[in-house]
1. List nothing, just return the count: lysine pairs in the chain, 8 or more apart or interchain, with Cα separation under 23 Å.
2. Tell me, what is the percent relative contact order of the chain, built from C-alpha pairs under 8 Å that lie six or more residues apart?
3. Go ahead and estimate [θ] at 222 nm for the chain from helices alone: -39,500 (n - 2.57) per DSSP H run with n ≥ 4, summed, over the residue count, rounded to 500.
4. Under 11 Å from a point 7 Å along the Cα-to-Cβ line of K261: which residues of the range 195-221 have their amide N that close?
5. In terms of modelled amide H atoms, which long-range or inter-chain residues lie less than 5 Å from the amide H of A230?
6. Put a dot 7 Å past each Cα toward the Cβ at Q455 and N213; how far apart are the dots in nm?
7. Nearest 10 degrees is fine. How inclined is helix 65-74 to the longest principal axis of the chain, computing both from alpha carbons?
8. With r defined as the distance between the Cβ atoms of D62 and A159 and R0 fixed at 45 Å, what FRET efficiency is calculated, to the nearest 0.05?
Amino acid sequence: MNTPAAASILVVDDEPDLRTLYELTLLREGYRVEAAASVAEAREQLSAQKFDVVISDMRLPDGVGMDLLHHLREQQRRERCVVMTAYGSAENAVEALRAGAFDYLTKPVDLKQFRAVVASAIQGMGGVPAPQRGVRAKAPAQAQDALERLIGESSAMRAVKQRIAKVARSMAPVLVRGESGTGKELVARALHASSQRAGGPLVAVNCGAIPENLLEAEFFGARKGSYTGASQDREGFFQAARGGTLFLDEIGDLPLPMQSKLLRAIQERSVRPLGSTQEEAVDVRIVSATHRDLAADVQAGRFRQDLYYRLNVIEVVVPPLRERREDLPALCAALLARIQEEGGIAVPPLTDAALQQLARHPLTGNVRELENLLHRAVALSDGRELHIEDPEPGAAAAPTGTLAVSPAGPAPADMPGDLQAWLDQQEREILVRALHESGFNRTAAAARLGISLRQIRYRIARLDIAVPQGGDEHGDAQ
């Protein structure tokens, strides 16, 4: 029985003491290690043999680490490249990541972080990585399942899936851009599941939902007694995401002071919990998302330019639904199946006529609006087939005759300024009507609308609908 070879690593640094330190650290981990002091020596080593990982300083006597990175890309070599940059040279790290580097380290290098980055780079390269405590192997089925949740086979969606598969392999930060309701979090989850960090946690954070005075404690953790109510030490999002992915949704909503602290945490890969004097190293991959135009926010002074460039190393743009209407049948089938499973009810079929009616909606709220329309259709169904309401008067209807045609122009100015508030109002009116007609018997109203008692209770609470006390006790005691 053949024993797999240990992973091989080439270390490139012109400082003998540092080069020796890196070599000894890697040898203790069980890797095979070669060393070079210049770009020329590194090229000689690369011409003589193949490696799993190349670790190179950016500044070398006869060139820069980027020269080796470009050489590897031009030769279509398999080696993953990790670059080491001087403290404060954030632009070098961003440039290297955009050029295809797997990851970067900031000098002076923290050896614990050094070992973690190397182990991460080696995973999936064929060599045997050093043993890692508590880290589970990546599950290919998990990645496939996450990609399949991105419903649609239009050219636009195929491009998104291909992009995810390509960029998931590196540690470079990813910015997911797209309108509200397009499925940016699904893209982030697919990126995580397709990476070698799939065995680690994915921590999703809505940056706009955290009170400003709690941001620092939520992101970086807090020590006991650091603020009123802090009765014990607590982890922040960065610590919770160690070894995995930190997904920062609606990153454009962060206030400027917090943007500065976030930038430092990303650059230095360390955080200082509130009330602590010590920094903690954190190993996370950053994926962020926004529906805003961050470039415009940078110009307007609402978003830090240096943070924007740090987050936007790789960009994934999620297309709006109006640009991929050919995906409507598949999306409707998936959404109706979910509605049926969650509600525990039989959902009538969606006829071709109803599908064409859906296609006439402008769908400016994207998949979220589509799901709302289908929920409403199921709630108002006669049990035989689904009927889709006409678009609101004045709404820009999509062209008829085919699902693959995009609308002719942008939505008019009289569209709702707050789509979610408008949709909530429609849902509220339907619920109030059903409750009135059932004498405020929630069980009967839920049955009338084809939803469960638990679901109608949730909606009544969420939409703040007043229900007379005792008005449904006889049929709502469960």
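The values are calculated or read from the model by the stated rules, or taken from the named source; none is laboratory data. Quantities reported herein were computed from a predicted structural model and do not represent experimental measurements. FYI the Cβ positions are ideal-geometry reconstructions off the backbone, even for glycines, and counts take in every protein chain you see. All accessible areas refer to the heavy atoms of the entire protein, side chains included, with ligands and DNA or RNA removed. Shrake-Rupley method; radii C 1.70, N 1.55, O 1.52, S 1.80 Å.
1. 10
2. 11
3. The helix contribution divided over the chain gives -12000 deg cm²/dmol.
4. Within reach of a label on K261, which here means backbone N under 11 Å from a point 7 Å along Cα→Cβ, the range 195-221 contributes 212-221.
5. G225
6. The two pseudo-label positions are separated by 4.0 nm.
7. The answer is roughly 70 degrees.
8. With R0 = 45 Å, the Cβ-Cβ based efficiency is 0.65.
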